[in-house]
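**Student:** Take this structure first; my questions come after.
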Amino acid sequence: MNVKPDFSKNANMATTAPAFLSVWDIHAYYGESYIVQGVSFNVHEGEILALLGRNGAGKTSTLRTIARLGNPELRHGEIWLDHQPLHNMKSHEAATVGLGLVPEDRRIIAGLTVEENLQLAQIAPPIGWSLERIYELFPRLGERRKQEGVTLSGGEQQMLAIARALARDIKVLLLDEPYEGLAPVIVDEIEKTLIHIKEQGMTTILVEQNAVRALELADRSVILDTGGIVFDGSAAEVLGNKELRAEYLAI
């Protein structure tokens, strides 16, 4: 008889370093559907965390709960960013204190140019991410600044969505399936960008179905299964553990 492997000893592992973003015992629902079931983890400043799991494990729902979108509804638990409580905030309030969500559908605003999409998001005056700095990071966007955003290629739209989040001078970047539908060469380009902004201190949570690519980029990984955490540890541990990958990531 096969015995299901137990990786729970790794879940919710505490570290001695202070957390920059702390998610504590969050429970969230779509109506009466219990989706996020007691999830807790810490993210440290400048870290890339890969939030992984099979389809339906609760990854996007956890990300949306952290971003305070209201759907799913957070009914219990706390979320803290840089000593500020987010759990009682609305999404626009969480955005003003430093959370930047890039959703899977990117939500580029039709009828606006690349530059107008960025200007709409940008705080005034910009503290860290001026348009010049954004165009340095994304030269293609600079070349297409007068082009309507929705007419860009998929990869360029993803760059614009990330750039738009940065334009708000965020503290934490939340990425939902950023590689979806993109060619490997474009994924390479986006990863180089994420590494570059990490080197400048950006903290990132990455939800991605391409688990191997995400793990190769990330410092740490949290793996979800049916709404709860089954593993919290280094990305290298996951890459080196065939049993864990097969059980929860199907790789």
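The values are calculated or read from the model by the stated rules, or taken from the named source; none is laboratory data. On a predicted model such as this, the values are computed, not experimentally measured, just so you know. Cβ sites come from the backbone with ideal geometry, for glycine too, and all protein chains shown count toward neighbours.
**Student:** When you go through (1) modelled with pLDDT of 95 or more; (2) surrounded by fewer than 19 Cβ atoms within 10 Å (Cβ to Cβ); (3) touching a Lys or Arg at 6+ places or on another chain (Cβ under 7 Å) one by one for Ala235, which number turns out not to apply?
**Tutor:** (2)
This table checks each residue for (1) modelled with pLDDT of 95 or more; (2) not in a strand (DSSP E or B).
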{"residue": "Lys9", "(1), (2)": "no, yes"}
{"residue": "Ala17", "(1), (2)": "no, yes"}
{"residue": "Ile26", "(1), (2)": "yes, no"}
{"residue": "Tyr34", "(1), (2)": "yes, no"}
{"residue": "Gly38", "(1), (2)": "yes, no"}
{"residue": "Glu45", "(1), (2)": "yes, yes"}
{"residue": "Leu51", "(1), (2)": "yes, no"}
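**Student:** Tally up the residues in segment 150-204 that are in a loop (DSSP other than H, G, I, E, B), of a type in the set (A, V, I, L, M) and over 18 Å from Leu49 (Cβ atoms), please.
**Tutor:** Qualifying residue count, segment 150-204: 4.
**Student:** Look through segment 94-118, keep the residues that are surrounded by 16 or more Cβ atoms within 10 Å (Cβ to Cβ) and free of Cβ contacts under 8 Å to residues at least 40 places away in the same chain, and return whichever of them is nearest to Val207 (Cα to Cα).
**Tutor:** My answer is Ala94.
**Student:** Mind telling me which of the residues Glu47, Glu73 ends up being within 17 Å of the chain's Cα centre (by Cα) and acidic (Asp, Glu)?
**Tutor:** Answer to the selection: Glu47.
**Student:** Can you tell me which condition Ile170 does not meet? The list is (1) under 24 Å from Glu47 (Cα atoms); (2) of a type in the set (Val, Ile, Thr); (3) surrounded by fewer than 15 Cβ atoms within 10 Å (Cβ to Cβ), and all the others hold.
**Tutor:** Among (1) under 24 Å from Glu47 (Cα atoms); (2) of a type in the set (Val, Ile, Thr); (3) surrounded by fewer than 15 Cβ atoms within 10 Å (Cβ to Cβ), the lone unmet condition for Ile170 is (3).
**Student:** Which one of these is touching a residue at least 60 places away in the same chain (Cβ under 8 Å) and under 19 Å from Val102 (Cβ atoms): Thr204, Thr193, Thr226?
**Tutor:** Sole residue among the options that is touching a residue at least 60 places away in the same chain (Cβ under 8 Å) and under 19 Å from Val102 (Cβ atoms): Thr204.
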